[in-house]
Amino acid sequence: MKLLNRVLEAALEDAIQAAQESGELPSFAIPRIPVSAPKRASQGDLSYPAMGLAKLARKRPLDIANLIVGNMQELDFACEIKVAPPGFINCTIADEFLKQQVDAMIDEGDALFRLDMGCGKRAQVEFVSANPSGPITIGHTRGAVVGDAMARLLEAAGYEVQREYYYNNAGAQMVKLGKSLMLRYRQQLGDDVQLPADYYQGEYLIDAAADLVAEHGDSLRSASWERFKGAAESRMFDWIKRSLASIDIKHDAFYNETSLFDSGKIWDVLDTMRENGHIYQATHWEGAREDEISDVTAKGYQPATWFRSTSFGDEKDRVMVKSDGKPTYTLPDIAYHCDKLKRGFDIAVNVLGTDHFSQAQVVKYGIRALGMDPDPIHVIFNQMVRAVRWNEERGEHEAVKQSKRAGDFDTLDDLVAMTSADAVRYHMLARSPNSQLDFDVDQVVKQSNENPVYYIQNAYVRCAGIFREAEERGFDDAGADLKHLGEDELKFIRKALELGNVIEQAVINYEPHKVAFFAHELAAVFHPIYDRARVLHSEVPIDTAKARLRFYRAAAVVFRRLLRLMGMSAPERM
RNA sequence: GCCUCUGUAGCUCAGUGGACAGAGCACCGGUCUUCUAAACCGUUGGUCGCAGGUUCGAGUCCUGCCAGGGGCGCCA
């Protein structure tokens with residue numbers, strides 16, 4: 001289906017050009033002024049502020065608007081185009097056209113509003129990317145939900161999408177995890193060993209150790225920590241994948257940072273940066289202050305390998321290879337993104353927490369130092385997530401302490417267990433990534449009308465209920481004549497047509513949360529109509545009933561599409 | 001100190017430089033013998049943190065200030 005505002009924009013541009021050619025308007029480059037839906041229904045369905053042309057055309061906005069309208073060709077979907085002060089051009093969509101959209105929506109089904117903006121293009125979304133040293137936490141969950149929704153939106157926009165999970169199993173944390181499991185294993189065997197305080201204390205390692213005993217007995221007593229690290233890692237990944245699958249998230253590719261070392265890619269990248277003149281050896285960076293230099297001297301550092309990132313706007317240069325010969329985190333990160341770009345993605349979205357802000361900047365500088373264009377890379381930064389609950393005494397929300405104690409909300413599994421997969425997905429998505437998210441545990445747990453999740457799903461459920469009842473009564477919509485639809489139903493179709501724009505805007509601006517808000521708005525349009533526009537009611541004439549049944553089929557298609565875009569289920573019953 | 005995000009109704013939050021700033025929750029009052037009342041109808045609620053500036057037009061852009069979150073290591 002076409003995006004009506006885009007069609008109207010094109011028609012307006014043609015009209016302006018026509019007016020310029022006839023001399024009614026002076027010649028100027030036509031700026032892109034977006035057509036949008038006005039707030040009030042009385043102002044039509046699509047609106048164009050011609051005031052934006054006043055300066056260029058050196059005429060009164062109202063006159064300009066009238067000139068443009070006078071030069072417009074007829075549009076198949078518009079019944080009325082009016083000019084309103086101070087210079088708006090308002091377009092009303094024809095009822096006849098709206099009625100046609102009912103069948104058009106049903107025909108498109110689950111591909112409703114699939115756009116062609118990504119046609120023939122490939123996109124990648126990298127998200128979650130938690131190292132396999134523990135379960136998926138609440139913080140990871142936000143990235144998971146936002147990333148997967150972004151992937152679904154890119155698919156809806158026509159892109160071929162790959163979901164990637166980048167991880168590092170070679171760091172000190174993983175060593176600690178392996179050793180933690182080793183000690184837990186020995187404890188299971190009855191050995192008197194203590195777990196150091198900075199080791200992984202989680203109960204899941206006790207369970208893992210018990211399983212190892214059940215499987216291998218005491219045969220691993222003298223096995224190396226590497227053996228345990230491998231066991232812990234595979235167990236963690238199983239857990240992580242299971243947790244993500246519980247909210248309908250599945251990655252296509254798992255990319256191990258270690259492979260960048262094995263293939264030598266990180267050194268190739270460093271060589272290229274050096275050839276391009278952005279690398280130098282020194283004990284301290286070139287712009288270091290006196291106190292920094294003396295600090296470094298005091299520590300007795302040997303020369304390290306520095307990236308002159310300040311050439312690209314960084315505030316200080318960054319170490320690529322430490323004086324002990326080991327790369328910092330930054331070098332493989334640059335190599336990874338370089339590899340990503342070489343794999344030919346037109347868009348590479350990366351969902352990160354804001355704690356990675358500086359790191360992501362340096363990676364972009366690194367990409368430019370390689371002589372590559374970082375433009376396809378776009379990072380969505382999520383602000384922090386807190387689980388909060390209402391404190392009655394103090395009359396305010398307060399953070400839930402995230403501990404391992406039962407009853408606290410620490411992991412994705414906990415959240416799902418306390419609420420539902422759908423609730424987790426909706427609440428994590430329905431917030432701008434720029435704002436800190438307070439996950440109100442009490443509200444999400446409530447399965448009541450306070451919870452927008454059910455409000456939206458109930459719209460689909462109500463449609464499904466009608467279809468069930470109709471089938472039982474042997475009633476169908478064959479031969480339905482949509483002229484029997486009323487204002488209410490058309491109002492819904494009008495709103496539903498905005499979905500295409502919502503998808504487009506969400507993709508262009510990398511703002512998947514917009515879909516969540518739209519879903520709620522659409523449900524708010526639906527429910528009152530459901531109450532008024534009954535289908536299987538003794539007083540509803542049969543022609544009207546058929547038309548309405550057809551209408552609810554379209555509504556169900558729209559809600560199903562929306563719920564799936566958010567990764568939520570579309571239940572037939574609740 | 002520098003960077004960055006946030007500040008909008010009692011609470012949680014939307015809001016492409018456009019028209020009279022919106023939802024949900026909470027509060028108050030109504031609505032089920034007819035497809036799910038997890039719904040609907042009605043009422044209440046605002047100095048868009050503060051001060052300037054740009055603009056025909058600013059919650060939105062710019063500058064400064066105030067308050068809060070996060071980030072700034074030869075850590076991973």
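General observations
Listed here are the residues, each with its yes/no results for (1) within 16 Å of RNA strand B (Cβ to nearest atom); (2) of a type in the set (F, W, Y); (3) farther than 30 Å from A:T141 by Cα; (4) open to solvent by 50 Å² or more (accessible area, probe 1.4 Å).
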{"position": "A:K250", "(1), (2), (3), (4)": "no, no, no, yes"}
{"position": "A:L260", "(1), (2), (3), (4)": "yes, no, no, no"}
{"position": "A:Q281", "(1), (2), (3), (4)": "yes, no, yes, yes"}
{"position": "A:W285", "(1), (2), (3), (4)": "yes, yes, yes, no"}
{"position": "A:P303", "(1), (2), (3), (4)": "yes, no, yes, yes"}
{"position": "A:S311", "(1), (2), (3), (4)": "no, no, yes, yes"}
{"position": "A:R318", "(1), (2), (3), (4)": "yes, no, yes, yes"}
{"position": "A:V321", "(1), (2), (3), (4)": "yes, no, yes, no"}
{"position": "A:G325", "(1), (2), (3), (4)": "yes, no, yes, no"}
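- Taken over segment A:162-188, residues that are closer than 23 Å to A:P327 by Cβ and in contact with a strand residue (DSSP E or B) (Cβ under 9 Å, 6 or more places away or on another chain) amount to 7.
- Just one of (1) open to solvent by 20 Å² or more (accessible area, probe 1.4 Å); (2) in contact (Cβ under 8 Å) with a residue 24 or more places away in the chain fails for A:S222. It is (2).
- Of the residues examined, A:A197 is not one that is of a type in the set (A, V, I, L, M, F, W, C), assigned by TED's automatic domain parsing to the domain that holds A:L499 and surrounded by fewer than 16 Cβ atoms within 10 Å (Cβ to Cβ).
- Test: residue in segment A:229-239 that is aliphatic (A, V, I, L, M), closer than 30 Å to A:L429 by Cα and at pLDDT below 95: yes
- Of residues in segment A:514-538 being among the aliphatic types (A, V, I, L, M) and not in a loop (DSSP other than H, G, I, E, B), the one nearest to RNA strand B (Cβ to nearest atom): A:A524
- Where A:G139 falls short, out of the listed (1) open to solvent by 30 Å² or more (accessible area, probe 1.4 Å); (2) farther than 30 Å from A:L485 by Cβ; (3) at pLDDT 95 or above: (3)
- For segment A:539-572, the tally of residues that are within 12 Å of RNA strand B (Cβ to nearest atom) and of a type in the set (F, W, Y) stands at 2.
- Candidates A:N509, A:N501, filtered to the one that is within 23 Å of A:V145 (Cα to Cα), out of contact with any Gly (no Cβ under 8 Å at 6 or more places or on another chain) and surrounded by fewer than 18 Cβ atoms within 10 Å (Cβ to Cβ): A:N509
- Matching option when the condition is of a type in the set (D, E, K, R) and at pLDDT 95 or above, among A:R573, A:R494, A:R561: A:R561
- Qualifying position, being more than 9 Å from RNA strand B (Cβ to nearest atom), part of a loop (DSSP other than H, G, I, E, B) and touching a helix residue (DSSP H, G or I) at 6+ places or on another chain (Cβ under 6 Å), among A:M72, A:M105: A:M72
- All positions within segment A:496-507 that are in contact (Cβ under 8 Å) with a residue 24 or more places away in the chain and assigned to a helix (DSSP H, G or I): A:A496, A:L499, A:G500, A:N501, A:I503, A:E504, A:A506, A:V507
- Cβ-Cβ distances below 7 Å connect the following pairs, each with a first residue in segment A:159-175 that is among the aromatic types (F, W, Y), a second residue that is more than 13 Å from RNA strand B (Cβ to nearest atom) and assigned to a helix (DSSP H, G or I), and a separation of six or more residues or different chains: A:Y166/A:Y336.
The values are calculated or read from the model by the stated rules, or taken from the named source; none is laboratory data. Note that the structure is predicted; figures quoted are calculated from it, not measured. When we count neighbours, we look across all protein chains shown, and the Cβ atoms used for this are built from the backbone with ideal geometry, even at glycine. Side chains included, ligands, DNA and RNA excluded: accessible areas come from the protein's heavy atoms. Shrake-Rupley method; radii C 1.70, N 1.55, O 1.52, S 1.80 Å.
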